[in-house]
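Report on the following structure.
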Amino acid sequence: MQIEFTKMHGCGNDYVYIDGSRFHIDSFSKPQFVRNVSNRHFGIGSDGVIFINPSGIADFEMEMYNADGSRSEMCGNGIRCVAKYVYDKGLWDKEEVDIESFGKVKHIKLFISKGKVMSARVDMGEPILKPAQIPVNTSMVDNPLEPVLMHPLEAQGTEYKISCVSMGNPHGIIYVDDVDNIEIDRIGPMLEKHPFFPKKANIEFVQNLDKTHVKMRVWERGTGETMACGTGCSALTVAGVLNGFYERNTDINIEVLGGVITVNYAADGHVYMTGPAEISFEGVLEWQE
């Protein structure tokens, strides 16, 4: 079967996008399909694959897979690219769109120039702060009803202070003095799979530069280090406000490896994330189930 695809990225967080209404792969085969396509040596190369499907509760559905073939609940960079895809390809003609991901609907505002989407703002909704819902292992926290902020977590003889937020997927935020020189390939997978996180977690390493400017590197669950993470930027902004590093209702500019994402933890309780969406290239791949 020949399958048309579009390679897209948001600040370097790259996925292969496929119109699921036109090209159908059975659910049993999808994990292996994703692993093959995502392989950077033998496939197209990406942080995963996103299928754009019809939705019964929104305008479109985003069905997201990590590079290892596992499903993920949400991707902030990915959902911006889905919005660009449906507008640029004429599947949608309005400047706002609702997209479902894992049963939850996000509202997106498109910023358009010369008939193409250049960037988008996603209403990421309210953060999830209750430990059991993130989820974290509630037997390892002092108070299972309170947010997990600067919680001491031991791994391989080192103690880390971790703050935990879910933006539809679980995140652990760690503050560091020099984000450029952390051993992310060693620390990231160790914390991603720590017993503290029953469903694993994305791990953000954050260097605060001032009250509106930070640097971040991310180890993504099921993928490894990526150039950016929209949900991670959202989670670290919430954690930073709760920890007293940033102000509520203020734009926080987050420098990731692939660019800058801006997040605002607004007075209405919602998190608003703004960033670019770009097409890298398009093509056709062969797949035999």
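Readers should treat all values here as calculations from the given coordinates under stated rules, not as data from a laboratory. Predicted model, so just to flag it, every value in this text is computed and none were measured. Glycine also receives a Cβ, built like all others from the backbone with ideal geometry; neighbour counts cover every protein chain displayed.
Of the residues N77, N253, N202, the one that moves most in a GNM of the chain with alpha-carbon contacts below 10 Å is N253. The lysines whose alpha-carbon is closer than 18 Å to the alpha-carbon of K161, local same-chain residues fewer than 8 away aside, are K130, K193, K200, K215. Relative to the Cα centre, the charge distribution of region 31-88, modelled as +1 at Lys and Arg Cβ and -1 at Asp and Glu Cβ, gives a dipole magnitude of about 200 debye. Comparing G12, G157, G244 in a Gaussian network model of the chain (Cα springs below 10 Å), the most mobile by mean-square fluctuation is G157. Annotation for region 158-208 versus region 105-124: alpha-carbon center distance of 29 Å.
Counting only Cβ charges, +1 for Lys and Arg and -1 for Asp and Glu, the dipole size of the chain around its Cα centre is about 180 debye. For the chain, modelled as a GNM whose springs connect Cα atoms under 10 angstrom apart, the maximal fluctuation among N53, N143, N208 occurs at N143.
Give a quick list of chymotrypsin sites (Phe, Trp or Tyr not before Pro) in region 20-83 that DSSP marks as loop, anything other than H, G, I, E or B, with at most 10 other Cβ atoms within 10 Å.
Values: sites: F23, F28, F33, F42, F51, F60, Y65; in loops: F23, F28, F42.
The qualifying sites are F28, F42.
For a quick check of your reading of the filter: which trypsin sites (Lys or Arg not before Pro) in region 62-150 sit in a DSSP loop and have no more than 15 other Cβ atoms within 10 Å?
Working: sites: R71, R80, K84, K89, K94, K104, K106, K109, K114, K116, R121; in loops: K89, K94, K114.
The qualifying sites are K89, K94, K114.
For region 131-269, a simple Cβ point-charge model (Lys and Arg +1, Asp and Glu -1, everything else neutral) yields a dipole of about 360 debye relative to the Cα centre. Beta bridges from DSSP with both residues in the chain: antiparallel share about 80 percent, rounded to the nearest 5. For region 164-205, applying the loop criterion from DSSP together with a ceiling of 13 other beta carbons within 10 Å to the GluC sites (Glu not before Pro) yields E183.
Among I25, S119, V179, which residue has its Cα positioned farthest towards the positive end of the charge dipole of the chain, with +1 placed on the Cβ of Lys and Arg, -1 on the Cβ of Asp and Glu, and the dipole taken about the Cα centre? The listed residue farthest towards the positive side: I25.
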